[in-house]
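A short worksheet on the structure shown next.
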Amino acid sequence: LKEYSSGLYGIVPYFIAKNLPETFYQLVFPLLYSSISYYGMGLQPDFSHFLWFILTMMLLSLTGASFGFFLGCGLTDPQLISLVGLMAMMPFILTAGFFANVQDLGPWISWVQYFSPLRYSYEALARNEFEGRDVCEDPSEHCDPISDYSLTFGFGTSLQALIMMAIGYRLLALFVLKHRAQLVG
């Protein structure tokens, strides 16, 4: 904001110049750790599932970074950013489906799942791994992890939601930064 108030450059060029190089790293690191961990975890061995896994992890990384940009543009104190980020992530974690089935949560908290990037990435990853696959050890049993864990959004919808969240948080960050710049000068 100091450079903006002195007239060196505008908010939008700064924002683009700041985001483009960092986006590269936000895509490369998930690619690296997903490539290493995917086959090590023993997930489905075909290449198409591997590529969908990598795409989902990249989108989750972009969404998380976008949320961080949003908080960083809105708040100035690093400790406050960490605290607010943690407080915002706790309901996302609770409603993601890792620890509790969303159907078992009360209506006072279950609505948060629609805003949770973790929920959408969890569903996309689970569908990528289990959809159309028989995971029962006993052939007489019926096992369907997709319905057992109340995964109702769908694979494509989950990926679309992650894309929209990543873009939405970046646009919100730009809006907040522009608003703060107008207040400064």
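The values are calculated or read from the model by the stated rules, or taken from the named source; none is laboratory data. All figures in this text were calculated on a predicted structure; none of them were measured in a lab. Virtual Cβ from ideal backbone geometry, glycine too; neighbours counted across all protein chains shown. Accessible surface areas use protein heavy atoms only, side chains included; no ligands, DNA or RNA. Shrake-Rupley method; radii C 1.70, N 1.55, O 1.52, S 1.80 Å.
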Relative to the first principal axis of the alpha-carbon coordinates of the chain, what is the inclination of helix 11-40, with its axis defined by its Cα atoms, in degrees from 0 to 90 and to the nearest 10? 20
Give the angle, between 0 and 90 degrees and rounded to the nearest 10, that separates the Cα long axis of helix 78-94 from the longest principal axis of the Cα atoms of the chain. 20
Extent of the chain along each principal axis, from alpha carbon coordinates, in Å, largest to smallest? 73, 39, 26
With a 4.7 Å Cβ cut-off, tell me which Cys residues in the chain come up empty for a partner. 73
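If the chain between residue 136 and residue 82 were fully stretched, how many nm would it gain, using 0.36 nm times the residue separation less the Cα-Cα distance?
The residue 136-residue 82 span can extend by a further 15.2 nm.
Defining a contact as two alpha carbons under 8 Å apart and six or more residues distant in sequence, what relative contact order in percent does the chain show? Could you put the intermediate results ahead of the total?
Values: 180 pairs, mean separation 54.6, N = 185.
This gives 30 percent for the chain.
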Extended-chain gain in nm, criterion 0.36 nm per residue less alpha-carbon gap, residue 184 and residue 35: 49.2 nm
Could you please put 36, 109, 81, 16 in sequence from largest to smallest accessible area, using a 1.4 Å probe? 36, 16, 81, 109
Averaged per residue, the 1.4 Å probe accessible area of the chain, protein heavy atoms only, in Å², is roughly 59
Inter-centroid distance (Cα atoms) of the stretch 129-185 relative to the stretch 38-90, Å: 11
Quick check for you: which residues of the stretch 56-98 have the amide N under 12 Å from the point 7 Å beyond the Cα of residue 18 toward its beta carbon? 68-76
Report the calculated FRET efficiency for residue 44 and residue 99 (r = Cβ-Cβ distance, R0 = 22 Å), to the nearest 0.05. 0.35
Of all accessible heavy-atom area on the chain, the percent that carbon and sulfur account for (1.4 Å): 68
Helix 117-130 vs. the chain, principal-axis angle (Cα, 0 to 90°, nearest 10): 30
Sparse-neighbourhood loop sites, trypsin sites (Lys or Arg not before Pro) in the stretch 54-163 - DSSP loop, at most 11 other Cβ within 10 angstrom: none
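Sum up the charges of everything whose Cβ sits under 13 Å from the Cβ of residue 52, counting Lys and Arg as +1 and Asp and Glu as -1, but leave residue 52 out.
Values: positive: 127; negative: 46, 123, 129, 131.
Within the 13 Å Cβ shell, the charges total -3.
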Would the stretch 102-159 count as rounded, prolate or oblate if I go by the C-alpha gyration tensor, calling it rounded below 1.5 in a/c and otherwise prolate when a/b exceeds b/c, oblate otherwise? oblate
